[in-house]
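For reference, the structure is listed below as C-alpha cells.
The values are calculated or read from the model by the stated rules, or taken from the named source; none is laboratory data. Only a predicted model underlies this, so the values are computations on that prediction, with no experimental measurement involved. Note that we place each Cβ from the backbone using ideal geometry, even for glycine, and neighbour counts take in every protein chain shown. The accessibility values were calculated without ligands, DNA or RNA, using every heavy atom of the protein model including side chains. Shrake-Rupley method; radii C 1.70, N 1.55, O 1.52, S 1.80 Å.
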Amino acid sequence: MRRTGTTRRGVFTATGAIALGAVLAGCGDGSGGGEGSGRSGAATAAEQASAARADRRIRAAAARTSLELLGGYEQVVRAHPATAAGLAPLRDAVRAHAKALAPSGGQAPVLPRSRATDAGAAVRELAAAERRAADARLAALVEAPPELARLLASIAAADAAHAYLLTELAKETSS
C-alpha cells in the first residue's frame, strides 16, 4: 500500500509559497506621495493613471488564466465524472480566484483542448496548467501594484498547492 499523506517536499513547497506571499505583503514602496515628497501633482496623477492601467491589464490576464483553469476543471469533470469529488474543492477555489480578479464576472470558462485519454492523464494536464498559472502570476508580481501583488501572490500559492494536490490525485487515479 502506498502512502498518500503529506510529504516533506509538499510541506516545504507550501511553506515557501506562503513565505513568498508574506514577504510580498510587506513590499509597499512607503512613499505616500504627499506634500513633503517633492513630487508635482501632474507627475503623481500620471503615475496613478499608469498604475491603474497596469492593474487593469494584469488583472485581465490573471482572470483569463483563472477562467482557462476553470474550463480545464469543467472539461475533466465532464469527460471523467469519477474525478468530480476530488476536483470539486479545487474547482471552487479557482472559481473564487476568477471572481476576485474580475468581480464583474460575466465571462464563461474557457474550455481548453485536452489530449488526455484517461482520467489520470487529464488530472496531470490540470496539474501542469496550475503550475503554469502559478508561474505566470509570480512573473506578473514585478509590475503589479502592491494590493494586486498581494492578491496574485496568494493565488499563485494556491495554484502551487493545487498542482501538488492534483499530482497526488493523478497518482491515485492512475492506479
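Descriptive notes on the structure:
- If you go through the range 106-115 and keep only what is crowded, with 17+ Cβ neighbours inside 10 Å and over 17 Å from Leu67 (Cα atoms), you end up with nothing.
- Residue within the range 1-12 that is aliphatic (A, V, I, L, M), modelled with pLDDT under 85, out of contact with any Ser or Thr (no Cβ under 6 Å at 6 or more places or on another chain) and under 27 Å from Arg124 (Cβ atoms) present: yes
- Filter result for the condition that a residue is surrounded by 12 or more Cβ atoms within 10 Å (Cβ to Cβ) and modelled with pLDDT of 90 or more, over Ala82, Ala88: Ala88
- The one condition in (1) more than 20 Å from Ile155 (Cα to Cα); (2) modelled with pLDDT of 95 or more that Ala93 fails to fulfil: (1)
- Candidate set: the range 123-139, residues that are open to solvent by less than 60 Å² (accessible area, probe 1.4 Å) and more than 11 Å from the chain's Cα centre (by Cα); chosen: the one farthest from Arg56 (Cα to Cα): Val123
- Residue check, Leu70 in contact with a Pro (Cβ under 7 Å, 6 or more places away or on another chain), assigned to a helix (DSSP H, G or I) and either surrounded by 14 or more Cβ atoms within 10 Å (Cβ to Cβ) or among the polar types (S, T, N, Q) (or both): yes
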